[in-house]
Amino acid sequence: TTMAEDSNPMREMFIEKLVLNISVGESGDRVTRAGKVLQQLTEQEPCYSRARYTVRTFGIRRNEKIATYVTVRGEKAKDIISKGLAVKEFELRRRNFSAAGNWGFGISEHIDLGLKYDPNAGIYGMDF
């Protein structure tokens, strides 16, 4: 590598934000409990996503809350990403990275992040 490559600020990696998403696929109590899981993890108030249109085979109606997400920035984002990567054993596949320089992955159980299992809440997977 040449000196110009090393000093190029555009080659530096940084974390702008982390979006955690739990898509439940149905409205009501399960979405609310998934939101509580995100609040427990991030200590922030989660937002709720609504269905774009009615899909009868899935049993969802338009504008029904079906998912919850939260955006985290700064040091807290780094901490949560390192917990999530530890679940994945710090290995990601090539398809986890986009051409725009973004990357993401999913985990199947939120209790792997070190949260206590709550029988009332159940187990949720989430996207990073």
> Does residue 92 satisfy being in contact (Cβ under 8 Å) with a residue 40 or more places away in the chain and either basic (Lys, Arg) or more than 17 Å from residue 23 (Cα to Cα) (or both)?
Replying inline: no
>> Against the condition of a type outside the set (A, V, I, L, M, F, W, C) and touching a Leu at 6+ places or on another chain (Cβ under 6 Å), how does residue 46 come out, does it pass?
In response: yes
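Computed from the coordinates by the stated procedures, all read-outs in this text should not be read as laboratory data. Because the structure is a prediction, the values reported are computed rather than measured. Glycine gets a Cβ as well: all are built from the backbone with ideal geometry, and neighbour counts include every protein chain shown.
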